[in-house]
Every structure is written in C-alpha cells, then in structure tokens.
Amino acid sequence: MRTVLEAVPPELHRGEAAVEAVIEKVAAVNEGCPLDAVNIPEIHEEPSRSSKGERRQPFAPRMAPRDLARAIQERLGLECMINHVVVHHADAASLCDWARETWEEYGVRQFVLVGGGRHDIAYPGPAVPEANTLLREKTQIPALRIGNICIPSRDDEAGRMAAKVRAGADFFTTQILYEPEDFTHTLDGLMGVSALPDEVLVAVCPARTERNIRFLLWLGVSISDGLERWLTEADQDVAARSLEQIARAWAAIVEHQRASGLTRPQLGINLAPIGAISAQTSIALARDLAAMHAERQKAV
C-alpha cells in the first residue's frame, strides 16, 4: 500500500520561510512514516462547490506546484506528483509544452490532471480525458504516470473512471472522503468494467476545528448532516472525532474490497491534513491506516 502526503504550496507573500515550513513538515512526516510520494495540489480561486460551509480566509496567489516539487525532490529526495488544471491552457500544444518542460526541467514524472471547477464556463483547454490522451500520445515522456480525480458522489463515477483509463489514466486520487458508502459503491461499479486503474489513493483529511470542517464543506466535500453535527458538537473534540471517523471509513473501505474479491485497483492513502495538524498526528494516522490494510491483506 502506498502512502502519499499532500503538501499545499505556500502563499507567495509569505516568502521563503513558508516554503521552509512546508519542507520541514514533509521531512518530519517522512522520518516517522516513510512516504512513497508527495502530492502537491494546484490552488485556484474558485466559488464554493457546495451550498454548505464557508471560506473565511480570502484567496491569495500561491507558489507553483512544480517549483515546490523541485525543492522537495532536491532537498529530501522524495518523488512528487503535481496536480494540474488542464482546462486553463490556451490549447493542446500549450499543455504538451507544459508537460515536457515539467518533466525535463523539474524532474516530475507523475501528473494528476484536473478539470474545471464550474460547468457553466467554456474553458479554453482540453477536458481531462482528452488531456490524458494528448500526454500519452504526444509527449512521449518516459515512465510518465497520469492520474485523475475520482469524485465518488457523482453519478456513474465507475464509468467515468473507466473512460479516463481508456484515454490514458493510470491512477486516481479521490476527493476527500469522510464516509465510505459512495466510494464502496464506486468499487462495486468497477467490478463490471474491463478498464481498471492500477491504483486509487483515498484522500483523508484530519481536521482540528469546526472552522476546518466548514471549509471542507465549502470545497464540496461530502459530509452528511448527521456526521457534521457529530464532528462539530464540541470544538475541542473535532480533532479526535475526525481521526476516529477516518479510521472507521477506511476500515469499511478495505473490508468491502476484501469481501468483494476485487484486487484491482490497489488502494493507497493520500494524507491531506488541514489546519495546524502536527506531523506526529499525520504519522500516527498513516501507521494506523497501513496496519488496517495489512490485516486485510492477511485475510485475503
């Protein structure tokens, strides 16, 4: 089972100290629980994807993901995967040029291709399936791994994933999950398709405060009303309850896969802590989730 840590690029106005803080956090987690990769998202200013939640802190421009990736790879020797919003490119050629440059000058071999955040905008660049095919057929990057985003709450997500695999995707990272049902339903859907991804990295997000939960809801993370009430019942309990719920959801997911006999895709973890989550908390969570997965493997 692979474990990756999400490292959000710092806001540009915070300077080199903020970059150092990110690298130090990654180094600390890796020392306590060796990571397979670092996953770096690309942050754009977007409206809320949900009618619930709120964002209190205004958007500020951030360091480019591939710049942070180069720093982490050079300093820590850890492989990085970077998220990239493909629809903002002017055309297909621009996307291919970006990919070659990112491979040649930044040493990044794994891209997670992301689409637009709104359905009412005609973006200039290619949609994700087209981008998969373009990079697979036009760039000829050795050992390139292409990832896409899995949103289990969407209708027929298994069918969408299969189409993206046929277009060139190797793996997926999920939207942040707090409840297992949508994802286990997606796993069931994958049992009926031939084009399976090699891997799905399940994104889990330990949170520290009610404000963190409200921001996740603003992002469009699916959290039922009942679970939201339980998580935020007392602010001092949010951290412990978020970890408890993550463990419960992961246990349900790995047990569901074991019971179904589905050996592909392989499951991994994308740790995506939000707020002032300590390195030790991330380390302990990673170890616990890996142990649960190992028990499932023994059962198989």
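So which of 133, 186 is more than 14 Å from residue 83 (Cβ to Cβ) and surrounded by 21 or more Cβ atoms within 10 Å (Cβ to Cβ)? Please lay out each step first, then the result.
Working: 133 fails: surrounded by 21 or more Cβ atoms within 10 Å (Cβ to Cβ).
Among 133, 186, only 186 is more than 14 Å from residue 83 (Cβ to Cβ) and surrounded by 21 or more Cβ atoms within 10 Å (Cβ to Cβ).
How many of the residues making up segment 50-106 are among the charged types (D, E, K, R), in contact (Cβ under 8 Å) with a residue 40 or more places away in the chain and in a loop (DSSP other than H, G, I, E, B)?
Looking only at that region, the number is 5.
Mind listing whichever residues of segment 225-247 are charged (D, E, K, R) and free of Cβ contacts under 8 Å to residues at least 12 places away in the same chain?
Filtering segment 225-247 down to residues charged (D, E, K, R) leaves 225, 228-229, 233, 235, 237, 241, 244.
Once the filter is applied, which keeps residues that are charged (D, E, K, R) and free of Cβ contacts under 8 Å to residues at least 12 places away in the same chain, segment 225-247 yields 225, 229, 233, 237, 241, 244.
Hey, can you tell me all the residues within segment 120-165 that are over 25 Å from residue 103 (Cβ atoms), aliphatic (A, V, I, L, M) and either at pLDDT below 95 or not in a helix (DSSP H, G or I) (or both)?
121, 122, 151
Take residue 229 and decide whether it is within 17 Å of residue 54 (Cβ to Cβ) and in contact with a Lys or Arg (Cβ under 8 Å, 6 or more places away or on another chain).
Taking the combined requirement at face value, the residue does not satisfy it.
Being of a type in the set (A, V, I, L, M), more than 13 Å from residue 289 (Cβ to Cβ) and in contact with a helix residue (DSSP H, G or I) (Cβ under 9 Å, 6 or more places away or on another chain) is the filter here; which residues of segment 235-261 pass it? First the steps, then the outcome.
Residues of segment 235-261 of a type in the set (A, V, I, L, M): 238-240, 243, 246-247, 249, 251-254, 259.
Add one more test, that the residue is more than 13 Å from residue 289 (Cβ to Cβ), and what stays is 238-240, 259.
Residues satisfying the conditions are 238, 239.
Give me the residue from segment 162-173 that is out of contact with any Pro (no Cβ under 6 Å at 6 or more places or on another chain) and crowded, with 22+ Cβ neighbours inside 10 Å and, out of that set, farthest from residue 272 (Cα to Cα).
If we take residues in segment 162-173 being out of contact with any Pro (no Cβ under 6 Å at 6 or more places or on another chain) and crowded, with 22+ Cβ neighbours inside 10 Å, then 169 is farthest from residue 272 (Cα to Cα).
Starting from segment 1-25, take each residue that is among the hydroxyl-bearing types (Ser, Thr, Tyr) and list its partners that are assigned to a helix (DSSP H, G or I), counting only C-beta distances under 7 angstrom and pairs at least six apart or across chains.
3/286; 3/290
Inside segment 189-236, can you point out the residues that are at pLDDT 95 or above, surrounded by fewer than 18 Cβ atoms within 10 Å (Cβ to Cβ), aliphatic (A, V, I, L, M) and part of a loop (DSSP other than H, G, I, E, B)?
196, 234
If I ask for residues that are surrounded by 19 or more Cβ atoms within 10 Å (Cβ to Cβ) and either modelled with pLDDT of 95 or more or of a type in the set (Ser, Thr, Tyr) (or both), which ones from segment 258-280 would you list?
265, 267, 268, 269, 270, 271, 272, 279
If the Cβ limit is 6 Å and pairs must be 6+ apart or interchain, which residue in segment 273-291 that is on the phi > 0 side of the Ramachandran plot pairs with which residue that is in a helix (DSSP H, G or I) and not β-branched (Val, Ile, Thr)?
Correct list of pairs: 275/212.
Across segment 265-289, which residue is farthest from residue 177 (Cα to Cα) among those that are assigned to a loop (DSSP other than H, G, I, E, B) and touching a helix residue (DSSP H, G or I) at 6+ places or on another chain (Cβ under 6 Å)? Explain how you work it out, then say what you get.
Kept after step one, since they are assigned to a loop (DSSP other than H, G, I, E, B), are these residues of segment 265-289: 265, 272-278.
From what's left, touching a helix residue (DSSP H, G or I) at 6+ places or on another chain (Cβ under 6 Å): 273-275.
Working: 273: 12, 274: 13, 275: 17 Å.
Filtering first and then ranking leaves 275.
Name the pairs: first residue in segment 187-212 and under 20 Å from residue 232 (Cα atoms) and aliphatic (A, V, I, L, M), second residue at pLDDT 95 or above and assigned to a loop (DSSP other than H, G, I, E, B), Cβ to Cβ under 9 Å, at least 6 apart or on different chains?
204/176; 204/177; 204/178; 204/272
Can you tell me which residue within segment 8-36, out of those that are closer than 18 Å to residue 66 by Cα and in contact with a Lys or Arg (Cβ under 7 Å, 6 or more places away or on another chain), is surrounded by the fewest Cβ atoms within 10 Å (Cβ to Cβ)?
12
For the list (1) surrounded by fewer than 19 Cβ atoms within 10 Å (Cβ to Cβ); (2) in contact with a strand residue (DSSP E or B) (Cβ under 9 Å, 6 or more places away or on another chain); (3) within 24 Å of residue 199 (Cα to Cα), I need the number of the one condition that residue 72 fails.
All conditions pass for residue 72, except number (1).
Quick test for you: out of 170, 182, pick the one residue that is under 20 Å from the mean Cα position of the chain (by Cα), among the acidic types (Asp, Glu) and under 28 Å from residue 101 (Cα atoms). Give the derivation first.
Values: 182 fails: under 28 Å from residue 101 (Cα atoms).
From the options 170, 182, the qualifying one is 170.
The values are calculated or read from the model by the stated rules, or taken from the named source; none is laboratory data. In this text, all values refer to a predicted model and were calculated from it rather than measured experimentally. Using ideal geometry, Cβ is built from the backbone for each residue, glycine included, and neighbour counts are taken over all protein chains shown.
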